[in-house]
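A short worksheet on the structure shown next.
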Amino acid sequence: MRRLLDNFDLTPRGGDRASERLAPLSPREVDVLRRISQGSSNMEIAFELAVSEATVKTHVSSLLKKLGLRNRVEAALLAKEEGVAAFITASAPGHV
């Protein structure tokens, strides 16, 4: 998936639009979304967040439903397009 995302020239838009589109997500779901956009697998995300892989799968399913997306690729593209990394840093101190 990392190679797929590298083929897109998506300039993060961030700002109010990102906040608006991501507003339905919990802070943990936004964190998972950021990691999806970096190409991390469920297992890698689980390790990074110190949770079970089943918990990550639950977060992924929830964020896909809330955002009206069909799969991780759509989620990753949305995250890149909306500048999710900047959104997390600006809205949740302590997140990298």
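Here, each number is a calculation from the coordinates, and none is a lab measurement. Quantities reported herein were computed from a predicted structural model and do not represent experimental measurements.
Stretched out straight at 0.36 nm per residue, the stretch from residue 58 to residue 20 would grow longer than its current Cα-Cα span by 11.4 nm. Proximity of backbone amide H atoms, modeled 1.01 Å from N, is registered between residue 83 and 13, 14 at under 5 Å, excluding neighbours fewer than 5 places apart on the same chain.
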